[in-house]
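A.B. asks: A single structure is presented below for examination.
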Amino acid sequence: MEIIKKSNESIKKEEAHGGSGSRKLYIADKEFGTIQGMTYGWLPVGNKYAWHNHENIDEIMYVIKGTGIVKDKDGEYEYQEGDTFMYPADVFHEIYNNGDIESEYVFVRIHNVRRKS
């Protein structure tokens, strides 16, 4: 088999962002191409993934469930189920669940291969 398969049951749920949320890490760094990681994340009501960035890593967030706010230095942006956010490498951001249910997301982080001038 050339295809790689991982069962959901084989991936353990762990704390994320200092315990503010949790995640399952489905693809780890250097495991597959330029992907730095792929996670499924949970963020309880009232919690946040506080200000952070990913050095030289682009990140994509797809919202599976819930509502909340994404922040960057330029403003605040509401999220809801089905929304996608793309965080360029080195951009500080915060994700806050101000909704009434636990939010769920898929995150894909990719090594940035663009050269900075």
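A.B. asks: So how many residues does segment 83-109 have that are over 17 Å from M38 (Cβ atoms), of a type in the set (S, T, N, Q) and either part of a strand (DSSP E or B) or in contact with a Phe, Trp or Tyr (Cβ under 8 Å, 6 or more places away or on another chain) (or both)? Break it down stepwise before answering.
C.D. replies: Taking segment 83-109 first, the residues over 17 Å from M38 (Cβ atoms) are 83, 88, 90-94, 96-103.
If we keep only those that are of a type in the set (S, T, N, Q) as well, we get 97-98, 103.
Applying the additional criterion that residues be either part of a strand (DSSP E or B) or in contact with a Phe, Trp or Tyr (Cβ under 8 Å, 6 or more places away or on another chain) (or both) yields 103.
Adding up the residues that qualify gives 1.
A.B. asks: Then there's this: Within the set of pairs 6+ apart or on separate chains, which have a first residue in segment 21-38 that is farther than 20 Å from P88 by Cβ and part of a strand (DSSP E or B), a second that is modelled with pLDDT under 95 and of a type in the set (S, T, N, Q), and C-beta atoms under 8 Å apart?
C.D. replies: Every condition considered, the pairs that remain are K24/N8.
A.B. asks: Can you tell me which residue in segment 34-70 is modelled with the lowest pLDDT, limited to those that are in contact with a Leu (Cβ under 8 Å, 6 or more places away or on another chain) and within 17 Å of S20 (Cα to Cα)?
C.D. replies: Quick first cut of segment 34-70, residues in contact with a Leu (Cβ under 8 Å, 6 or more places away or on another chain) only: 37-39, 49, 66, 68.
Within this subset, residues satisfying the condition of being within 17 Å of S20 (Cα to Cα) are 39, 49, 66, 68.
Details: T39: 97, Y49: 94, G66: 98, G68: 98.
Once the filter is applied, the top-ranked residue is Y49.
A.B. asks: Ok, one more. If you go through segment 82-94 one residue at a time, do you hit one that is aromatic (F, W, Y), out of contact with any Cys (no Cβ under 8 Å at 6 or more places or on another chain) and in contact (Cβ under 8 Å) with a residue 60 or more places away in the chain?
C.D. replies: Within segment 82-94, none of the residues are aromatic (F, W, Y), out of contact with any Cys (no Cβ under 8 Å at 6 or more places or on another chain) and in contact (Cβ under 8 Å) with a residue 60 or more places away in the chain.
A.B. asks: Another question, if that's okay. Using beta carbons and a limit of 6 Å, which pairs, at least six apart or on different chains, have the first residue in segment 46-72 and more than 19 Å from D83 (Cβ to Cβ) and the second one among the polar types (S, T, N, Q) and modelled with pLDDT under 95?
C.D. replies: Partner pairs satisfying both residue conditions: N56/N112.
A.B. asks: Follow-up question, since we're still on this one. Just give me the residues in segment 92-117 being over 23 Å from E31 (Cβ atoms), surrounded by 15 or more Cβ atoms within 10 Å (Cβ to Cβ) and either of a type in the set (V, I, T) or modelled with pLDDT under 95 (or both), in sequence order.
C.D. replies: I95 - this is the single residue of segment 92-117 that is over 23 Å from E31 (Cβ atoms), surrounded by 15 or more Cβ atoms within 10 Å (Cβ to Cβ) and either of a type in the set (V, I, T) or modelled with pLDDT under 95 (or both).
A.B. asks: Can you name the residue in segment 54-82 that is small (G, A, S) and outside any strand (DSSP E or B) and, of all such residues, is surrounded by the most Cβ atoms within 10 Å (Cβ to Cβ)?
C.D. replies: In this case the residue turns out to be G66.
A.B. asks: Next question. Across segment 75-117, which residue is nearest to the chain's Cα centre (by Cα) among those that are within 22 Å of N47 (Cβ to Cβ) and hydroxyl-bearing (S, T, Y)? Reasoning before the result, please.
C.D. replies: Step one: of segment 75-117, the residues within 22 Å of N47 (Cβ to Cβ) are 75-85, 87, 91-109.
Filter once more, so that each one left must be hydroxyl-bearing (S, T, Y): 77, 79, 84, 87, 96, 103, 105.
Working: Y77: 16, Y79: 13, T84: 11, Y87: 10, Y96: 12, S103: 12, Y105: 7 Å.
Ranking the candidates gives Y105 first.
The values are calculated or read from the model by the stated rules, or taken from the named source; none is laboratory data. Worth saying up front: this structure is predicted, and the values here are computed from it rather than measured. Positions of Cβ are generated from backbone atoms using ideal geometry, with glycine treated the same way; all protein chains shown enter the neighbour counts.
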